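The values are calculated or read from the model by the stated rules, or taken from the named source; none is laboratory data. Source: prediction; values computed, not measured. Note that each Cβ is placed from the backbone with ideal geometry, even for glycine, and that neighbours are counted across all protein chains shown.
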Amino acid sequence: MFLGHIAVGLAGKRAAPTVSLATWLASVQLLDLLWPIFLLAGLEHVRIAPGITRFTPLDFYDYPITHSLVGSVGWAAIFAGGWMLSRKNGRVALLLAAGVVSHWVLDAISHRPDVPVLPGGPYVGLGLWNSVPATLAVELTMFAVGLTLYVRGGGAGRRRVSFWLMMAFLTIVYFGAAFGPPPPDARTLAWSALSIWLLVPWAWQADRIPHP
Ligand SMILES: [Zn+2]
């Protein structure tokens, strides 16, 4: 899942508006921010296997550190713990931790049964990606709801060109990944997946205008 995670971050901003959108997007996408780093370090692995699901050609056969349920809980504890230490707000820290773990839940809905609960399995996955129309329906609906919540929360006025550019960019990346050619190899994929880090400074900049 991709736009579905962004949707949760937008909804999170509505639930805890004092937190920067950058922090929210980092929380819901933390596992995918870490994943290319672990791929490049040779600690996790992915294969390009066109046809493995209808929606994505990627075979996520080894990603226990970033994408196991226990891993996600551990990353959530680190992320929310860091927030708690610096901002001393337990409610927000819990919401951010839930944001991190929501990534695992949504991936378990999208992926085929390759998402580990513990690092060595068992593996879960409801396989939403086996249907392109169902994937698009679920993710685009979530994205629309997330955007509506964000806008209604005062998060996107006319001045927020940067915010809308970011949302357009994410949509283009999403459709490019869904309908474009598969990446040539796992290493190229890992390097291009690092570009997701751009979202953090971009969201921070787009969210700087104070909310009402
Ligand atoms: Zn993921």
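Data overview
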| read-out | value |
| --- | --- |
| The range 9-37: number of residues that are in a helix (DSSP H, G or I) and within 12 Å of the ligand (Cβ to nearest atom) | 8 |
| Helices (runs of 4 or more DSSP H) fully within the range 89-204 counting 3 or more residues that are hydroxyl-bearing (Ser, Thr, Tyr) and within 19 Å of Ile6 (Cα to Cα) | 132-152, 161-179 |
| Condition broken by Trp129, with the remaining ones in (1) without any contact (Cβ under 8 Å) to a residue 12 or more places away in the chain; (2) within 16 Å of the ligand (Cβ to nearest atom) satisfied | (1) |
| Near pairs, Cβ below 8 angstrom, 6+ apart or cross-chain, from the range 29-57 (free of Cβ contacts under 8 Å to residues at least 12 places away in the same chain) to any residue that is in a loop (DSSP other than H, G, I, E, B) | Ala49/Pro57; Gly51/Pro57 |
| The range 163-178 residues that are at negative phi, paired with ones that are charged (D, E, K, R) (beta carbon under 9 Å, 6 or more apart) | Phe163/Asp207; Tyr174/Glu139 |
| The range 81-103: number of residues that are within 15 Å of the ligand (Cβ to nearest atom) and either more than 17 Å from Leu33 (Cβ to Cβ) or surrounded by fewer than 17 Cβ atoms within 10 Å (Cβ to Cβ) (or both) | 0 |
| Search result, residues across the range 58-74 that are without any contact (Cβ under 8 Å) to a residue 40 or more places away in the chain and under 16 Å from the mean Cα position of the chain (by Cα) | Thr66, Val73 |
| Subset tally (residues that are small (Gly, Ala, Ser) and at pLDDT below 95) for the range 23-72 | 2 |
| Residues within the range 40-80 that are within 12 Å of the ligand (Cβ to nearest atom) and not β-branched (Val, Ile, Thr), tallied | 9 |
